[in-house]
Amino acid sequence: MRIILLGPPGSGKGTQAKALSKALNITHISTGDILREEVKNNTPLGLQAKKYIDSGLLVPDDLVIRMLGARLNGPDIKEGFILDGFPRNIMQAEALDEILKPKKVEIDNVFYLDASEPVIIQRLSGRRICSNCGAIFHIKNMPPKVEGTCDKCNGNIYQRSDDYPETIKNRLKVYLKETAALIDYYKKQKRLHNINADKDAQHLVGDILKITASKHDHSQV
Ligand code: AP5
């Protein structure tokens with residue numbers, strides 16, 4: 001099964017993608033995580049991407065499309081994948097269609113995680129990430145058992161460089177200007193499912209899995 005998680009920053013795409021990847025046994029691909037790893041390793045791509053990420057802007061399409069195209073050639077995507085953070089605009093969506101065409105596969109479901117602005121701000125300002133395994137926490141909603149330490153691997157927990165108020169504002173603007181248009185793009189293709197993302201994380205996984213279960217037979221055709 002091939003899934004796209006679409007939604008504003010902080011709507012819970014990463015949290016849902018990790019849970020769905022486990023439940024459906026398919027690969028989670030987060031372009032944000034790949035880019036942050038490139039930045040951490042000071043690669044040429046990371047050096048180019050850092051300034052865009054830190055100011056809440058999209059990394060140029062050509063760089064991200066090339067990166068995603070290479071990732072989709074990986075041996076771990078045969079059973080399907082969950083895209084989290086890609087596509088971010090119409091150009092990326094069209095590029096994805098072109099990447100998938102020669103592979104003779106299509107996107108089965110696009111879940112639009114529809115979260116309200118106060119919820120988004122609360123989630124992003126309290127988010128913390130494990131620097132070692134990438135687990136996602138929240139100081140109030142999903143706190144680690146020991147402050148500053150990851151429950152899963154004992155790694156150090158940090159705040160993302162783009163989770164500060166000014167950058168959050170920019171990311172929301174960019175989302176509305178560039179990414180929100182994808183809701184119509186996938187609605188027209190009849191692949192879009194609207195999910196109320198203000199609910200707690202467990203409910204959301206349940207809502208999404210119900211839809212994937214009902215679509216499963218169709219996706220195997
Ligand atoms: P990216 O990493 O993709 O960030 P984003 O889309 O802004 O989304 P976030 O990761 O901020 O939020 P999320 O929806 O995953 O929420 P999460 O699950 O963490 O991109 C970062 C940057 O990289 C971009 O700005 C851009 O520069 C660049 N980039 C990436 N992809 C690109 C592309 N395709 N093209 C160009 N540039 C690209 O949850 C948030 C918090 O809420 C957490 O603390 C979590 O614990 C909590 N939470 C989650 N769900 C719930 C819930 N249901 N109830 C209560 N709390 C919850």
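The values are calculated or read from the model by the stated rules, or taken from the named source; none is laboratory data. Predicted, not measured: the structure shown is a model, and the values here were computed from it. Positions of Cβ are generated from backbone atoms using ideal geometry, with glycine treated the same way; all protein chains shown enter the neighbour counts.
Within the set ILE77, ILE99, the sole residue that is under 17 Å from the mean Cα position of the chain (by Cα) and among the hydrophobic types (A, V, I, L, M, F, W, C) turns out to be ILE77.
What about PHE81, is it within 8 Å of the ligand (Cβ to nearest atom) and not polar (S, T, N, Q)? Against the criterion (within 8 Å of the ligand (Cβ to nearest atom) and not polar (S, T, N, Q)), PHE81 does not qualify.
Take the residues of the stretch 212-221 that are surrounded by fewer than 17 Cβ atoms within 10 Å (Cβ to Cβ) and not in a loop (DSSP other than H, G, I, E, B): which is modelled with the highest pLDDT? Selected residue: ALA213. For SER131, are the conditions met, namely being of a type in the set (S, T, N, Q), more than 8 Å from the ligand (Cβ to nearest atom) and over 22 Å from HIS203 (Cα atoms)? In short, yes. Residue-level check: of (1) closer than 23 Å to ALA135 by Cβ; (2) away from the ligand (no atom under 12 Å from the Cβ), ILE53 misses just (2).
Given the stretch 1-57, what helices (runs of 4 or more DSSP H) lie entirely inside it while holding 3 or more residues that are of a type in the set (Phe, Trp, Tyr)? So the answer is none; nothing clears 3.
Within the stretch 15-29, being under 21 Å from TYR158 (Cα atoms) and buried (at least 22 other Cβ atoms within 10 Å of the Cβ) holds for THR15, GLN16, ALA17. Please go through the stretch 58-75 and give me each residue that is at pLDDT below 95 and in a helix (DSSP H, G or I), ordered by number. Residue satisfying the conditions is PRO75 alone. Looking at the stretch 183-211 only, could you name the residues that are within 11 Å of the ligand (Cβ to nearest atom), assigned to a helix (DSSP H, G or I) and in contact with a strand residue (DSSP E or B) (Cβ under 8 Å, 6 or more places away or on another chain)? Result: ALA201, LEU204, ASP207. Evaluated against (1) touching a Ser or Thr at 6+ places or on another chain (Cβ under 6 Å); (2) under 19 Å from PRO9 (Cβ atoms), ILE77 falls short on exactly one condition, (2). Only one of the numbered conditions (1) away from the ligand (no atom under 13 Å from the Cβ); (2) touching a residue at least 12 places away in the same chain (Cβ under 8 Å); (3) among the hydrophobic types (A, V, I, L, M, F, W, C) is violated by ALA70, and that is (2).
Kindly indicate the residue of the stretch 105-161 that is assigned to a strand (DSSP E or B) and over 17 Å from the mean Cα position of the chain (by Cα) and also surrounded by the fewest Cβ atoms within 10 Å (Cβ to Cβ) among those meeting that condition. Please lay out each step first, then the result.
Step one: filter the stretch 105-161 for residues assigned to a strand (DSSP E or B), giving 109-114, 127-130, 136-138, 142, 146, 149, 156-158.
Going one step further and asking which of them are over 17 Å from the mean Cα position of the chain (by Cα), we end up with 142, 146, 149, 156-158.
Details: MET142: 17, VAL146: 10, THR149: 14, ASN156: 12, ILE157: 21, TYR158: 12.
Going through the qualifying residues, I end up with VAL146.
This table checks each residue for (1) near the ligand (Cβ under 10 Å from one of its atoms); (2) under 23 Å from LEU124 (Cβ atoms).
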site	(1), (2)
GLY12	yes, yes
SER21	no, yes
ILE26	no, no
ILE29	no, yes
PRO44	no, no
ASP61	yes, no
GLY74	no, no
LYS104	no, no
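If you check LEU172, LEU176 for being within 30 Å of ALA95 (Cα to Cα) and buried (at least 16 other Cβ atoms within 10 Å of the Cβ), only one passes: LEU172.
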